[in-house]
Amino acid sequence: MMQLDELLLRELGPGIVSLDPDLLRDCSHDESEQEAVTPEVAVTPVDPLQVEILLRLAGEHRFFVTPRGAGTGKSGGSVPVRGGVSLSLHRMNHILEIDPENLLAVVEPGATCESLQQAAWAAGLFYPPDPASLATCSLGGNVAENAGGPRAFRYGVTREYVLGMEAVRIGGQRFDVGHRPVKGVSGYDLAALLTGSEGTLAVFTKLIFKLIPQPEAPGLLILYFPSVHEAVRAVTILVQNRLFPMALELLDRPSLDAARTGTFSPSSSAGGALFCELEGLASSPHLAQAVLDALAGAGAAPSDHELAADPAAAAAWDARRDVSSRLKALHARKISEDVAVPRALLPELVLGVREIAAELDLESACYGHAGDGNLHVNFLTDGDGAAFGTAVERLFRLTLLLGGTLSGEHGIGTLKRRFLPAEHAPAVLDMFAAVKHAWDPAGLLNPGKVL
């Protein structure tokens with residue numbers, strides 16, 4: 001019987017199929033706590049036909065295929081937990097089209113989020129989604145996870161910008177779903193179904209994104225508060241006053257300490273802070289006054305604030321995006337979870353996290369997208385981390401009790417699979433399984449994820 005590597009080398013060639021130990025090691029993990037698993041073979045296609053051939057062979061010969069973007073995921077979604085083939089799409093990385101007249105872009109799945117943002121901006125347009133890893137994360141991965149980021153508060157998540165895609169199923173069927181016009185209601189919305197499906201239904205080979213007109217150059221208003229709870233309360237006040245910044249990010253005291261760099265020096269006395277990105281602030285600093293007046297009028301004025309334009313604003317955002325890695329460097333062990341609750345209940349979530357950490361002799365840090373109720377909760381220790389499991393279970397129970405969800409943007413992957421029944425009724429889980437079976441009856445594509 002022909003070995004898997006021999007089969008793939010014969011059908012796809014040595015330029016596409018690799019047994020290189022370094023590449024296999026790179027494909028064995030993502031940025032989550034999921035244990036690494038080395039695939040048998042890595043396949044790195046450069047065009048859709050090669051993806052089609054691979055998935056046709058997978059259907060015929062019954063081997064597992066795990067799609068992979070840039071490996072920046074936080075839920076184990078690109079880890080090949082059942083072995084088989086790691087399908088790395090990083091070589092399919094071109095911006096194929098920027099269409100200023102129709103406000104859309106066509107890209108390959110391996111292109112980075114930042115590359116699309118830059119190409120759109122150069123054409124006088126804007127692609128808002130901005131995950132923290134935007135410089136390295138792939139657009140195919142963003143669509144697979146329905147990624148968010150700070151600007152999701154005002155502009156929405158990746159789903160809001162996906163018009164359509166070309167995709168391939170196990171068995172090798174390649175097809176187009178969605179549409180180029182902004183409006184389209186012809187049949188079931190399969191593009192919406194595939195967005196957020198975590199690579200378990202089909203593999204993207206081309207993506208069509210909606211773009212929007214370029215906003216005025218933003219600036220950053222950083223608001224400091226005596227406590228994180230006052231910072232969280234300020235979010236609700238701004239929304240009640242119909243103030244919707246481009247981004248509204250929360251950092252508690254431990255997160256601020258971790259974010260401190262040579263180019264970003266936050267207040268050392270604040271218990272929490274909000275990063276408030278305002279359109280047009282770079283050229284019109286007076287726009288910040290509306291925010292300050294709304295807070296003062298509700299008795300929630302910040303203890304201090306600062307206005308930052310580039311390069312200071314860019315340095316502050318770089319520090320914010322690096323909080324996770326800095327927290328990890330400061331502690332022997334760290335586990336990070338991505339949960340979301342109704343915005344008005346953020347104070348209860350933050351308070352509950354602190355209580356959980358204190359009772360289990362852990363430290364905690366909360367930061368993230370307070371504007372849409374999505375926080376990254378970190379439990380930290382210099383000990384053995386034995387209490388992490390209990391802390392996470394309690395966090396999830398609290399999140400669901402508050403009417404929230406187990407994942408705001410990182411997905412379920414492998415790490416949250418066992419908790420899915422806590423959020424979804426058996427009938428809903430049965431429908432999830434029926435969708436998976438309809439697209440991938442043998443369960444060969446990204447096995448061990450979500451369900």
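Each reported figure results from applying straightforward, stated rules to the coordinates on display, with no laboratory input. Everything quoted here is computed from the prediction, not taken from an experiment. A quick note on method: Cβ atoms are made from the backbone with ideal geometry, for glycine too, and the neighbour counts reach across all protein chains shown.
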>> Run the reach check for Lys210 against lysines, Cα to Cα strictly under 18 Å, same-chain hits fewer than 8 apart removed. What comes back?
In response: Lys183
> Radius of gyration and Dmax for the chain's Cα atoms, expressed in Å?
Replying inline: 22.3, 76
> Which whole-angstrom value gives the distance between the alpha carbon centres of the stretch 205-221 and the stretch 1-78?
Replying inline: 32
> Per the helix-only calculation at 222 nm, which mean residue ellipticity applies to the chain, given -39500 (n - 2.57) for every DSSP H run of n ≥ 4 and division by its residues, nearest 500 deg cm²/dmol?
Replying inline: -9500 deg cm²/dmol
> Expressed as an acute angle from 0 to 90° and rounded to the nearest 10, what is the orientation of the C-alpha long axis of helix 426-439 relative to the principal long axis of the chain?
Replying inline: 50
> Which shape class applies to the stretch 1-120: rounded if a/c is under 1.5, otherwise prolate when a/b exceeds b/c and oblate if not, where a ≥ b ≥ c are the square roots of the Cα gyration tensor eigenvalues?
Replying inline: oblate
> Taking only Cα atoms, what is the 0 to 90° angle, nearest 10, from helix 312-321's long axis to the longest principal axis of the chain?
Replying inline: 60
> Can you give the FRET efficiency for Ser325 and Asp257, using 1/(1 + (r/R0)^6), R0 = 22 Å, r = Cβ-Cβ distance, to the nearest 0.05?
Replying inline: 0.95
>> Just to be sure I understand the model, the point goes 7 Å from the Cα along the line to the Cβ. What's the resulting Ala442 to Ser265 distance in nm?
In response: 6.2
> Taking Lys436 as the anchor, which aspartates and glutamates have their alpha carbon closer than 20 Å to its alpha carbon, excluding any fewer than eight residues away along the same chain?
Replying inline: Glu52, Glu60, Glu145, Glu166, Asp176, Asp189, Glu198, Glu423
>> If I model a spin label as a point 7 Å beyond the Cα along the Cα-Cβ vector, how far apart are those points for Val185 and Ala36 in nm?
In response: 5.0
> With the Cα gyration tensor of the stretch 214-333 giving a ≥ b ≥ c as the square roots of its eigenvalues, does the rule (a/c under 1.5 for rounded; else a/b larger than b/c for prolate; else oblate) give rounded, prolate or oblate?
Replying inline: oblate
>> I want to verify the translational diffusion coefficient of the stretch 331-423 in µm²/s; compute it with Stokes-Einstein, Rh as the Kirkwood radius over Cα pairs, at 37 °C and 0.692 mPa s.
In response: 250
